[in-house]
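Participant: Below you'll find the structure I mean.
The values are calculated or read from the model by the stated rules, or taken from the named source; none is laboratory data. Everything numeric in this text was worked out from a predicted model, so none of it was measured. In this analysis, Cβ positions are derived from the backbone assuming ideal geometry, glycine residues included, and neighbour counts consider all displayed protein chains. With ligands, DNA and RNA removed, areas are computed over all heavy atoms of the protein, side chains included. Shrake-Rupley method; radii C 1.70, N 1.55, O 1.52, S 1.80 Å.
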Amino acid sequence: MLPCYDYGRRSVEIAMLLTYIREAVRSLYTAKQRTLLALIGISIAIGAVISLVSIGIIWGNEMLRKATAAGPDILQIDPPWNQEDGEDITVRDTFLLLNSSRTLAEAVPMISTYGTSFFNGQYWATYIVGTTSSYKTINKLRLKAGRFISSLDKNKYYIVIGSEVLEKPAFKNFKGDLLGSTFKINNRSCTVVGTLEDYTYDLHAKYSFLMPISTVSNIFNEKNISKITARMQPNVDFRVATKEIERYFKQRKNIEVMVEANEQRIEEIKEVTAMLTLLLGFISSISLLVGGVGIMNVMLTSVMDRRREIGILRAIGARQRDIRRQFLTEAVILCLIGGIMGAGIGILACYIVCSINEWTFFIPKLG
């Protein structure tokens, strides 16, 4: 025997629900100003939560993408800034380190300095990087035009221009062919042999002129290395490689270098992103709490203003639960409309921030 289902009772419940919704909409529409203020409060609160947490996740994803673009097997070796004892690191020391190391597959020296450039009638201060041909492969640089410096360019005044340098007015207003053109750095005529695409994570390459390391050493009389970028052998733990490098320079040069591994940096970025997202979520949840309190005050004020209406409803037979459901329906409608508006505001704010900072926009999964 089939179970009996009371379709009449079901119809009554649906009719009552539609009545609650209709009366809630009518009541909210009647108190337009109060409803509008409540919607503004809840939408801003929800928008703040979505935008701040999303921005934190996207920022962490962007930092992680840049760190992983170089590869987890990359090490950055920095000499000490202020050293009282010990010797400076030279180009020769870089190659001696590579030859004696059991953990490194490649090591690229870099000399960074500042100079004065003159091109297309304009002077400006220039960041200059002297390095070798391996700098392109180890940092995964992409050429926009021309070529990169090679091992045959020793002591030659050849230059590769970074992508951000190309945005300067002196280059943007130049009408001729940039490749093969000459300009002066510290009153030395230099020839452009290549330009870089805006792809690399390496800020040195983006914001500088890249020249043969021997040329930079001669122009600026700079023999000491500013940084060494090294790539580890396959299946080598970065802790082993770090200890080997530190031991090498301590024994040979009596200095303590700072070694930063990309693998370690990736783990740190993940931890910082998680903490930042949690912190932003906690801060923005305060605004969500304030929005909830705002809705509570609106509903409380609505109850106080409609005491006569409640008395009439009770007089004609309305039960307490009917009146309670009426006000709860109003609160639910406010939250739904405010939530949709807040989600739109949060996504729009996140998109604007990503567009300004040129980050990859996506809607992260919150929760």
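Participant: Which is aliphatic (A, V, I, L, M) and out of contact with any strand residue (DSSP E or B) (no Cβ under 6 Å at 6 or more places or on another chain), of VAL259, VAL216, VAL193, VAL236?
Facilitator: After ruling out the rest, the residue left standing is VAL236.
Participant: Okay, next question. Here is a check on your reading of the model: is SER51 of a type outside the set (Lys, Arg), in a helix (DSSP H, G or I) and buried (at least 19 other Cβ atoms within 10 Å of the Cβ)?
Facilitator: yes
Participant: Something else now. Grab the strands (runs of 3 or more DSSP E) fully contained in the stretch 152-271, keeping just those with 3 or more residues being crowded, with 20+ Cβ neighbours inside 10 Å and touching a residue at least 24 places away in the same chain (Cβ under 8 Å).
Facilitator: 158-161, 188-196, 209-212, 227-232
Participant: Among residues belonging to the stretch 289-303 that are modelled with pLDDT under 75 and of a type in the set (A, V, I, L, M, F, W, C), point out the one that is farthest from LEU36 (Cα to Cα).
Facilitator: Selected residue: VAL303.
Participant: What are the residues in the stretch 98-132 that are in contact with a helix residue (DSSP H, G or I) (Cβ under 9 Å, 6 or more places away or on another chain) and over 23 Å from ASN218 (Cβ atoms), if any?
Facilitator: Within the stretch 98-132, SER100, SER101, ARG102, THR103, LEU104, ALA105, GLU106, ASN120, GLY121, GLN122 qualify.
Participant: For the stretch 322-347, enumerate the residues that are open to solvent by 100 Å² or more (accessible area, probe 1.4 Å) and over 12 Å from LEU39 (Cα atoms).
Facilitator: Within the stretch 322-347, ARG324, ARG325, LEU328 qualify.
Participant: Moving on. Starting from the stretch 1-26, take each residue that is within 21 Å of LEU328 (Cβ to Cβ) and modelled with pLDDT of 70 or more and list its partners that are open to solvent by 70 Å² or more (accessible area, probe 1.4 Å) and part of a helix (DSSP H, G or I), counting only C-beta distances under 7 angstrom and pairs at least six apart or across chains.
Facilitator: Here the result reads TYR20/ARG325, each pair linking the stretch 1-26 to a residue that is open to solvent by 70 Å² or more (accessible area, probe 1.4 Å) and part of a helix (DSSP H, G or I).
Participant: Out of the residues in the stretch 341-352 that are within 19 Å of SER285 (Cβ to Cβ) and hydrophobic (A, V, I, L, M, F, W, C), which is nearest to the chain's Cα centre (by Cα)?
Facilitator: Across the stretch 341-352, the extreme among qualifying residues is CYS350.
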